[in-house]
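Undergrad: First the structure, which I've put down as structure tokens, then a few questions once you've had a look.
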Amino acid sequence: MDFKLTEEQQMLQDTAARLVRDVYTFEKRLEFSDSEAGYSTEFWQQLGELGLTAIPFSEELGGFGGSGVETMLIMEQLGRGICLEPYMESVILAGGLIGQLGSDQQKEELLGAIASGELQAAVALEEPNSHYNLFDVQTTARQNGSSWSLSGRKAVVIGGHTAGKILVSARTAGDVRDQQGISLFIIDPNAAGVSRRVYSTVDGRKGCELFLDNVEGELLGTAGEAYDAIRYQSGRAIAALCGEAVGAMRTACDLTLEYLKTRKQFGVPIGKFQVLQHRMVDMVSELERATSMAILAACLADDKDSDERSAKLSAAKFVVNRAARYVAEQCIQLHGGIAMTWEYNGAHYAKRLVMISHQFGDDDHHLEAYSNQLVVA
């Protein structure tokens, strides 16, 4: 099969690569991570000015109508720089949910701003006890006339501390683990009843726990019927994460290879030792396997929702998760003690790869999901 990029896709890839290369030096990344926002607001504006935040949206909404492949090209470059900006959370996930469920007015008000980079949105789907099950929702929403009030607690809201809008899943009917009865709401994070506990994640990003006490929310779509959209858009997010992981793995492999060529022991570069050469080959083999699965995920990310799509996305995430952890571990071991120091960028790539392997399901979760699809089939 021919996976060559079109001229337009190559230009998109080059634009993203050049921007990341020019802005995201390792020293700058450390500064961005230590800032109050936890990322570069200037870099976010540049993403918008170059149209990179508009890629997945339709032309009617100010976008370029890009597919999962275009998204993968951007995410891979963001992964190469281990960029801190919540691109996937805001553009892919929040933007996708609004595009699928929102009214014409909501799309017009929000998607144009997200596409231009003026609005950074976040999504609060997980809860302290949900463990990858996005239908495990204890947060509740009560209708008061034409308005809704939300109460509950959300966990691991990446980018929620700086978001202008947050999309929150809440239960309007059914039991705690029912797939039906889940609704999605748009809230203002500065509204009465909202509080946030901001913290840094192990990979240098920032997120928050979200506490809601009778918070006014704007319903997105039809009450009680949001789960199918959440599942579908989570699949698009998984495909995007696979692309990011491939970018981070590729740079981790490059760093390791360069270290093996320059680090000397017994008067020769350690890359001359055959056992280390074999381990380097294993790293590259895992990278290429993950790349193939990331391409598969990108090609079907925008397909219609189906059990086959879900199974293939789980398979892709499983393979990429395994590869990401393997590359991270080998990068640490082949570098020796230097790899564990905060001042060396290899450690930060390893941390991000480990975190990606846990976002939207670890390998055990997706292996079970894939096997369940086989049983059903």
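Undergrad: For region 228-372, with all protein chains present and a 1.4 Å probe, just round the carbon and sulfur fraction of the accessible area to a whole percent.
TA: Carbon and sulfur: 56 percent of the exposed surface of region 228-372.
Undergrad: Quote to one decimal, in nm, the extra length available between Tyr199 and Asp175 on full extension: 0.36 nm per residue of separation minus the C-alpha distance between them.
TA: Contour length minus the Cα-Cα distance gives 5.6 nm.
Undergrad: Moving to a separate point now. Mind checking the full-extension length gain between Ser151 and Thr262? Use 0.36 nm per residue of separation minus the Cα-Cα distance, one decimal, nm.
TA: Between Ser151 and Thr262, full extension yields an extra 34.3 nm.
Undergrad: Oh, and also: Tell me whether region 122-224 comes out rounded, prolate or oblate; compute the Cα gyration tensor, take square roots of the eigenvalues as a ≥ b ≥ c, and use a/c under 1.5 as the rounded threshold.
TA: Since a/c reaches 1.5 but b/c is at least a/b, the shape of region 122-224 is classed as oblate.
Undergrad: Under the Karplus relation 6.51 cos²θ - 1.76 cosθ + 1.60, θ = phi - 60°, what is the ordered set of whole-Hz ³J(HN,Hα) values for region 203-216, x standing for Gly and Pro?
TA: Listing the rounded values in order: 9, x, 8, 10, x, 7, 8, 10, 10, 10, 10, 6, 8, 5 Hz.
Undergrad: Within region 93-108, list the residues whose amide N lies under 17 Å from a label point set 7 Å along Cα→Cβ of Gln143.
TA: 103
Undergrad: Another question, then. Hey, in the GNM for the chain with a 10 angstrom Cα cutoff, which one of Lys312, Lys272, Lys206 fluctuates hardest?
TA: Lys272
Undergrad: Tell me, in nm to one decimal, what length is gained between Ser371 and Ser306 on full extension, where the rule is 0.36 nm per residue of separation less the Cα-Cα distance?
TA: On the way: separation 65, 0.36 × 65 = 23.40 nm, distance 1.54 nm.
Roughly 21.9 nm would be gained on extension.
Undergrad: Tabulate in residue order the Karplus-calculated ³J(HN,Hα) for region 281-291, using 6.51 cos²θ - 1.76 cosθ + 1.60 with θ = phi - 60°, rounded to whole Hz; enter x for Gly and Pro.
TA: Running phi through 6.51 cos²θ - 1.76 cosθ + 1.60 with θ = phi - 60° gives 4, 5, 4, 5, 4, 5, 4, 5, 5, 5, 4 Hz.
Undergrad: Next question, about the same structure. Students often get this wrong, so check it: of Lys107/Lys304; Lys312/Lys351; Lys261/Lys317; Lys264/Lys351; Lys317/Lys351; Lys107/Lys351, which have C-alpha atoms separated by over 29 Å?
TA: Lys261/Lys317; Lys107/Lys351
Undergrad: Would you please state which residues of region 184-198 a label at Phe211 would reach in this model, taking the label point 7 Å out along Cα→Cβ and a backbone N cut-off of under 13 Å?
TA: Counting backbone N atoms under 13 Å from the label point, the list is 193-198.
Undergrad: Still on this model: Run through the DSSP bridge list for the chain and note the antiparallel percent, rounded to the nearest 5.
TA: 85 percent
Undergrad: Would you mind working out the accessible area per residue for region 265-368, using a 1.4 Å probe, and quoting it in Å²?
TA: Ligands and nucleic acids excluded, the result is 47 Å² per residue.
Undergrad: What's the carbon and sulfur percent of region 7-120's accessible surface, probe 1.4 angstrom, rounded to a whole number?
TA: After summing per-atom areas, the C and S share lands at 45 percent.
Undergrad: Follow-up question, since we're still on this one. Mind putting a number on the dipole of region 122-224 about its Cα centre? Charges go on the C-beta only, +1 for Lys and Arg and -1 for Asp and Glu, and I need it in Debye to the nearest 20.
TA: 200 debye
Undergrad: Compare the Cα positions of Val284, Met355, Leu313 along the charge dipole of region 228-372 (+1 at Cβ of Lys, Arg; -1 at Cβ of Asp, Glu; about the Cα centre) and return the one farthest towards the positive end.
TA: Working it through, the farthest residue towards the positive pole turns out to be Val284.
Undergrad: Quick check for you: which residues of region 223-256 have the amide N under 11 Å from the point 7 Å beyond the Cα of Ser67 toward its beta carbon?
TA: none
Undergrad: Keeping the other protein chains in place, figure out the carbon and sulfur percent of the accessible area of region 122-224, with a 1.4 Å probe. Provide the component values of the computation, followed by the final result.
TA: Details: 1880 of 4320 Å².
Looking at region 122-224 in its full context, I get 43 percent from C and S.
Undergrad: So for the chain, averaging the separation of alpha carbon pairs under 8 Å that are six or more residues apart and normalising by length, what relative contact order in percent results?
TA: 16 percent
Undergrad: At Glu109 and His278, where each label point lies 7 Å from the Cα along Cα→Cβ, what is the point-to-point distance in nanometres?
TA: Distance between label points: 6.3 nm.
Undergrad: What range in the chain is the longest one free of GluC sites (Glu not before Pro) that are in a loop by DSSP and have at most 15 other Cβ atoms within 10 angstrom? Spell out each step's value before the answer.
TA: Numbers: sites that count: Glu36, Glu118, Glu343.
With GluC sites (Glu not before Pro) excluded where exposed in loops, the chain gives 119-342 as its longest stretch.
The values are calculated or read from the model by the stated rules, or taken from the named source; none is laboratory data. Everything numeric in this text was worked out from a predicted model, so none of it was measured. Glycine also receives a Cβ, built like all others from the backbone with ideal geometry; neighbour counts cover every protein chain displayed. What goes into the accessible areas is simple: the full protein's heavy atoms, side chains included, and nothing from ligands, DNA or RNA. Shrake-Rupley method; radii C 1.70, N 1.55, O 1.52, S 1.80 Å.
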